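Please treat every number below as a calculation from the coordinates, not as lab data. Because the structure is predicted, anything quoted here is derived from the model rather than measured. Cβ: placed from backbone, ideal geometry, glycine included. Neighbour counts: every protein chain shown.
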């Protein structure tokens, strides 16, 4: 017998009662652009990067190591971007890099940090990765091998950027739960901090002499896909965007099952669903990667999201700039379309 005061029905009805599709009024190019612009303005309020405490206007960047990895050189930078806060950023520089080459910010997903997309051990040396690591496919390395300069930051709460106490527990654990709770009283979220990291990495790449400023890309998987999406909504310098293992609906993914607390931020559904924010990227180049067997972002939520994105891109006359890569796999990077598009 169900408990008469159980809150399940109320919680399950929230999305339906609050969400209003912002693109119902988009019937032509001008009306679609107006909705996209409104979503971008709302994203500035939701993520409130201006509220991040002790944010620095001028970063301090120090190269602390350099490793020859065959086809590219890997530099490890210490980047101080808030007072008392530095992040490691790995800069992958192809040896055959041409003048005006594409550059990509690469954002890892949940696991043990940026090393999963670099394919390295703690000492920085290359590692033959077991199956545990395979969902991220070392995509930062793959992009560097295709001629892209890559900036791969350790995202806040992962890997080397954890709370001191969390370095004493299993290597694949994170500090997401604690920092996601502790940020809320300050009016920011873990997502806000990671979005700022992506934007700082864009600044670093655009300072490089050989970077083609018209071909700045960003790619993320899972939680990194979340960061890539919203960073691109906020920063239009990202001209090529790949979101892997994230485009879906809140009701069929984030609100259907347990997800890490870093997936949640206040008041987002009053502005739009995940696909609505992806639509706001039009007419820029966008690739979405979705596995048919992804249990975290199920295909029944992915396919309607893809159709909505296609419709909005079509209204802007930019159908050719959107690629939906739906593949026969699980929650993982695919790369079949994204690596080529980001490196062109």
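General observations
- Mean Cβ neighbour count within 10 Å, used as a protection proxy, ranking 142-148, 329-335, 66-72 highest first: 142-148, 329-335, 66-72
- Solution diffusion estimate, µm²/s, Stokes-Einstein, the chain, Kirkwood Rh from C-alpha pairs, 4 °C, viscosity 1.567 mPa s: 64
- Residue 284/residue 50 FRET efficiency (R0 22 Å; Cβ-Cβ; nearest 0.05): 0.40
- Remark: spin-label model distance residue 300-residue 160 equals 4.3 nm, labels positioned 7 Å along the Cα→Cβ axis.
- Additional length obtainable on full extension of the chain from residue 24 to residue 206, 0.36 nm per residue less Cα span: 61.8 nm
- Between residue 14 and residue 344, the FRET efficiency estimated from the beta carbon spacing at R0 = 41 angstrom works out to 0.45.
- Helix axis angle, 8-18 relative to the chain longest principal axis, alpha carbon, degrees: 80
- Cα gyration tensor shape for region 173-274, rounded if a/c is under 1.5, else prolate or oblate: prolate
- Exposure proxy shown here: for 174, 65, the number of other Cβ atoms within 10 Å sets the order, fewest to most, as 65, 174.
- Among 280, 86, 32, residue whose mean-square fluctuation peaks in a GNM of the chain (springs only between Cα atoms under 10 Å): 86
- Rounded to 10°, Cα long-axis angle of helix 29-47 versus longest principal axis of the chain: 70
- Taking the longest Cα principal axis of the chain as reference, the axis of helix 223-234 is set at about 80 degrees.
- Sorted on the mean count of surrounding Cβ atoms within 10 Å across their residues, most packed first, peptides 288-296, 2-10 read 288-296, 2-10.
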